[in-house]
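What follows is a single structure, written as structure tokens, with notes after it.
The values are calculated or read from the model by the stated rules, or taken from the named source; none is laboratory data. What you are looking at is a predicted structure, and each value in this text was computed from that prediction instead of being measured. Here the Cβ positions follow ideal geometry from the backbone for every residue, glycine too, while neighbour counts run over all protein chains shown.
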């Protein structure tokens, strides 16, 4: 069982592979690709992460973003994203502490 102070990076890669995506190597940020979709994935633990630096649209980043964190922190992350209104389509994946299950939370209706 992983601790909440460590981001679920391995688990995030496993989720995207299970969904049929090709996953790039990297640290807490990686690209997942499938068919025409190219998703920039950012993995956070939310205990001490400053999400502000991840919210900017750098121009070169994919228009699809996914933020992954532990399931017990996913609701807070979704709420923070809704309030910040980032200029891209996004979703949040919350991964269970045992790494075996996950939930997807989409952005606010009508967003980006």
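Below, the figures for the structure above:
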item	result
Meets criteria (more than 19 Å from residue 15 (Cα to Cα), part of a loop (DSSP other than H, G, I, E, B) and at pLDDT 80 or above) for residue 86	yes
Answer residue from region 89-101, given it is modelled with pLDDT of 90 or more and outside any strand (DSSP E or B) and is surrounded by the fewest Cβ atoms within 10 Å (Cβ to Cβ) among those	101
Looking only at region 102-112, and only at residues there that are modelled with pLDDT of 90 or more and touching a helix residue (DSSP H, G or I) at 6+ places or on another chain (Cβ under 8 Å), the one that is surrounded by the most Cβ atoms within 10 Å (Cβ to Cβ)	102
Residues located in region 15-45, provided they are touching a helix residue (DSSP H, G or I) at 6+ places or on another chain (Cβ under 9 Å) and touching a residue at least 40 places away in the same chain (Cβ under 8 Å)	45
Strands (runs of 3 or more DSSP E) enclosed by region 9-80 - at least 3 residues per element that are crowded, with 18+ Cβ neighbours inside 10 Å, more than 13 Å from the chain's Cα centre (by Cα) and at pLDDT below 85	none
